[in-house]
Every structure is written in structure tokens, then in C-alpha cells.
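I have placed the structure first, in the form of C-alpha cells, so that the comments after it can refer back to it.
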Amino acid sequence: MTAQLSPCTEPAPAGSLLTARLPRFGRLAFDGAVVGLLDLLLLWQERAAQRHHLASLDDYRLHDVGLSRSDIQSEIRKPFWRG
């Protein structure tokens, strides 16, 4: 007698039409991908905000942290997706 393995499906939460038909292990992979994508988008948003803030500092404040306008030019010119 051989046992057949089938994916276990659980009822999806209300409003979750996309994951309703995914087996449990497929839903975990999908959820992990969504979380990874959200983490990446938040990282990009944070980089953009930090570079914008750095660009908005006046020379006095830059000098206060030991930087000059020329020191920060390469950083503030980077696109948000570059670390």
C-alpha cells in the first residue's frame, strides 16, 4: 500500500482570491515573495528619502558632520536602487 502525497489546502482568509487556490506550501512561497518585494520597496523609499535629506542640508550642517558639498555629490546623484 503506497500513500499518495497531496498538498494540504486550507481555507483562505476573506478577500484573498489569489491565494485561495494555492496549496499551503505554494501560499508560503507567494507570501514570502510578497514580503521580499515589500522589503525591497521600503528599502528603496528609505534610500531616496535619505539622499533627498542629505541634498537639502546646508553647508553649515554638512560641515557639522564633517562633510562638504563635494563629498556628498556622488551619493546624492545615485538612483534609489543603488546601494
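The values are calculated or read from the model by the stated rules, or taken from the named source; none is laboratory data. Because the structure is predicted, anything quoted here is derived from the model rather than measured. As a convention, Cβ positions derive from the backbone with ideal geometry for all residues, glycine included, and neighbour counts pool all protein chains shown.
Please list, ordered by first then second residue, the pairs with beta carbon atoms under 8 Å, 6 or more apart or interchain, first in region 69-83 and among the small types (Gly, Ala, Ser), second in a helix (DSSP H, G or I).
GLY83/ARG47
Show me the helices (runs of 4 or more DSSP H) entirely contained within the chain in which 2 or more residues are at pLDDT below 90.
Correct list: 24-56.
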